[in-house]
Every structure is written in C-alpha cells, then in structure tokens.
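Below is one structure; the comments refer to it alone.
Bear in mind that the values in this text are calculations on the coordinates, not laboratory data. Predicted model only: the values in this text are computed from it and were never measured. Neighbour counts are summed over all protein chains in view; Cβ atoms, including those assigned to glycine, are modelled from backbone coordinates with ideal geometry.
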Amino acid sequence: MQSDDNAVTIIGLGSMGAALAQAFLRAGHRTTVWNRTPQRAEPLLRAGAAYEPDVKNAVTASRLVIACLTNFEVTHQALIPAAEALAGRTLVTLNSGTPAGARQIAAWCAEQGANYLGGAVKNTPAAIGRPDTLLYYCGDRTVFEQHRSTLQILGGDTQYLGRDVDLAALYELAVGGTLLPALLGFFQGVVLITSRGLSAQSMVPHTVKWLEMISNELPRLAEEIDTGDYENPRSSLALFYEGIEHDEAIGREGKIDVSWNVPIHDLLRRAVAEGRQNQSISALTELLRLR
Ligand SMILES: NC(=O)c1ccc[n+]([C@@H]2O[C@H](COP(=O)([O-])OP(=O)(O)OC[C@H]3O[C@@H](n4cnc5c(N)ncnc54)[C@H](OP(=O)(O)O)[C@@H]3O)[C@@H](O)[C@H]2O)c1
C-alpha cells in the first residue's frame, strides 16, 4: 500500500483515538485506522476512514502515524508487528504515561529508523478539533515543524515543548498532579453543602471563581519557587496553618471523612516546625523535595 502526504494513520480507537480520527476525516485527510477490537472502527468507516486489520498495513498507509493507546507499553506491544514498516515514518504518541516509557519508545523508534514525537492531549475527546484545545509535543523540532499544520487539526493550541523526547510525558504528569487534589477539595465541599440540603450545582459558580483566583496566583508562586525567595508572601504558611482547624471543623459540621487532609496538614505542621511560618505557601515545595 502507498502513502500520500495528506494521509494519517490512527492506531487505537478508544474514546480519544476515535475523536482524533474523526477530526482528520472532517479536515479531509485520508485516514487509516487500526484497533485491536475492529468493531470500534465502524462509525469511522461510515465517516470515510479505511480500516486495516493488519497493523503493519495500517502503518504503511501513512507517513504520519498517531498512536493513542492506554500507555507506552501497550503502544510498543501493538506496534511490534509493524516495526519494519515504521522506517522513514513519524510516530506520534498521544497516550498518558511515564517519562521513562516515552524514552523507551523513542529509543525503539530510533532503532527502527523512525522519527518520534511525544505528545499529550490536555483536554477531553469532545474538545478535539477546537481552536483553543491544547496539545503539546516534544522531540526533533524539524520533524515537529514538518507535521505542525496537520497536528493543529487536533487542537488550535498546539505547542512545541522542546527536543527531549520525554517532555510531553513529564509535563503531562506534572500538570495532571493538580487534578485529583482539586477534585477532592470540590467533593469535600459538595458533601458539606449537600449535608444542608443545598445542591452541588449551587457551589459550581463560586468554585469556578475560586479556581480562577488560584490560576491567577500561579505565576507569582512559580516566580517565588524559581528564585527561591519565599520571604514576601501574599499568602503566608501561617495563614494555611491556622486553617487546619477549619478543615477539621468542616469534618465535624458536615459529618465528613476529611482524613485525606491529614498528610497535607502534616506538611504544614512540618513547615511551621522548620520556622517557615512567615514564608510563602510556595515554600512547601522545599519540603516536597526529598533530601
Ligand atoms: N479520554 C480522555 O478524556 C483522555 C484525555 C486525555 C488523554 N487521554 C489519554 O489517551 C489515551 C487513550 O485514552 P482513551 O480514553 O481513548 O482510552 P480507552 O477509551 O480506554 O481506549 C483504550 C485504547 O487502547 C487499546 N488497548 C488497550 N489495551 C490494549 C492492548 N493490550 N493491545 C492493543 N490495544 C489495547 C484499546 O483497544 P480495544 O478497543 O481493543 O480495547 C483502545 O483502543 C490514554 O493514555 C489516556 O490517558 C484520554
């Protein structure tokens, strides 16, 4: 099978992979798809995609191959039968995973004579193709520039992070770390509100404003961390330390299990014990670094 410049192959048709393929089909790209479970390709076939049951043929169909499977290990295993076909092509991975996993698959691509770009989608499948959807990539800049306009179909906010092949995985893990604690904070608040017969929805506009405030504070906190100067805080550690009893009061008031707060409170207590009470809350990063 021959490939043309416009052709794209999508390996993996889960929620995200299917959305990627749909975006390329909408943009008029010749789109070949492969998935372990062939039935998942059916809606894409109706939209004009070609399904290749053999992963090697799927890879051969396009110069640009985008894999969106569960993680790097699964991606590697799925592509082993297509190893030879990868030579001279570009593999882009858009799965979550560890920086080590990204380095391993990049090294394997190099052994096959393939170009490699690591990537990450920082949004949901429904947001694929929107002008403000963020995806970021890493690896050889020339290879990225060669495919930039095609990759931009997936999201208008397409960014290049740098040459190191694990940067997308690194930033994905680093940025993603905010998600679970932020959601748990929201869920704890919702349990308190609903214990009074109020709806969870009633909290949403206030929480959105609160998250905006936190977003606005991030550049200043990052500057404190980058310079190592924690001495002119807008929000001191003491302020958060005094808030410990409020968190505990929330538990009593709403009959809520607030035990997930305990390690956070321990961190605040350790910081105060180190004499950091007048430093910025950003000084907690110093306690997170294993010494
Ligand atoms: N969904 C999101 O909101 C979202 C957002 C950002 C990033 N991501 C990332 O995108 C990646 C894919 O997510 P998704 O939501 O599309 O996941 P998903 O719906 O669970 O799909 C997983 C895909 O991996 C395939 N797969 C799993 N194990 C396999 C194996 N051993 N061999 C071959 N194929 C295998 C599945 O094939 P079968 O169909 O045959 O099972 C399917 O194509 C993940 O790394 C995820 O973290 C997802």
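Some notes on this structure:
- Distance in nm between pseudo-label sites at Asp140 and Thr124 (7 Å out along the Cβ direction from Cα): 3.8
- Computed 3J(HN,Hα) for region 220-233, one whole-Hz value per residue from the Karplus formula 6.51 cos²θ - 1.76 cosθ + 1.60 where θ = phi - 60°, is 5, 4, 5, 5, 4, 5, 5, 8, x, 9, 9, 8, 10, x, glycine and proline marked x.
- Each of Leu288, Leu25, Leu218 has some number of other Cβ atoms within 10 Å of its Cβ, and from fewest to most they run Leu288, Leu218, Leu25.
- Estimated FRET transfer efficiency (Leu179, Glu73; beta-carbon r; R0 30 Å; 0.05): 0.85
- Amide H partners (placed H, <5 Å) of Val92, local residues excluded: Val65, Ile66, Ala67, Leu117
- 3J(HN,Hα) couplings calculated from phi for region 95-110 with the Karplus curve 6.51 cos²θ - 1.76 cosθ + 1.60 (θ = phi - 60°) are, in sequence order, 8, 7, x, 8, x, 5, x, 5, 5, 5, 6, 5, 5, 5, 4, 4 Hz; Gly and Pro show x.
- Other residues lying with their Cβ under 14 Å from the Cβ of Asn115 contribute a combined charge of +2, Lys and Arg counting +1, Asp and Glu -1.
- Burial ordering of Met16, Met213, fewest other beta-carbon atoms within 10 Å first: Met213, Met16
- Percent of Cα-Cα distances greater than 34 Å, calculated over the chain: 38
- Across region 1-87, C-alpha contacts under 8 Å between residues 6 or more apart give a mean separation that, scaled by the residue count, equals a relative contact order of 37 percent.
- Angstrom value of the Kirkwood radius, inverse mean 1/r, which spans all Cα pairs in region 133-291: 18.7
- Counting neighbouring beta carbons within 10 Å and listing from fewest to most, the residues Thr32, Thr124, Thr90 come out as Thr124, Thr90, Thr32.
- In sequence order, calculated HN-Hα J values of region 55-64 (Karplus, 6.51, -1.76, 1.60; Hz; x Gly/Pro): 4, 5, 5, 4, 5, 5, 5, 9, 6, 10
- Listed by chain and number, the lysines placed with their C-alpha closer than 27 angstrom to that of Lys122 are Lys209; residues fewer than eight positions away on the same chain are left out.
- Compactness of region 1-40, taken as the C-alpha radius of gyration over 2.2 N^0.38 Å, stands at 1.14.
- R0 of 51 Å, Cβ-Cβ distance Ser195-Gln152: FRET efficiency to nearest 0.05: 0.60
- Antiparallel beta bridges, as assigned by DSSP with both residues in the chain, represent about 20 percent of the total such bridges.
- Equivalent ellipsoid dimensions for region 63-160 as semi-axes, Å, which come from the Cα gyration tensor, largest first: 22, 15, 11
- Our estimate of slack between Ala110 and Glu242, defined as 0.36 nm per intervening residue step minus the Cα-Cα distance, is 42.1 nm.
- Volume per residue of the convex hull around the Cα atoms, evaluated for region 169-219, comes out as 73 Å³.
- Estimated distance in nm for a label pair at Asn216 and Leu45, the labels positioned 7 Å out from Cα along Cα-to-Cβ: 5.4
- Part-to-part distance (alpha-carbon centres) for region 36-82 and region 139-207, which is given in Å: 26
- Between Leu211, Leu69, Leu45, the Gaussian network model of the chain with springs among Cα atoms under 10 angstrom shows the greatest mean-square fluctuation at Leu211.
- Principal axis dimensions, region 231-283 - Cα atoms, whole angstrom, descending: 38, 18, 14
- Rounded D (µm²/s) - region 1-100, Kirkwood Rh over Cα pairs, Stokes-Einstein at 20 °C, 1.002 mPa s: 163
- Chain lengthening between Thr285 and Asp54 when straightened (0.36 nm per residue, less Cα-Cα): 78.3 nm
- Within-15-Å neighbourhood charge of Ile105 [Cβ basis; K, R +1; D, E -1]: -4
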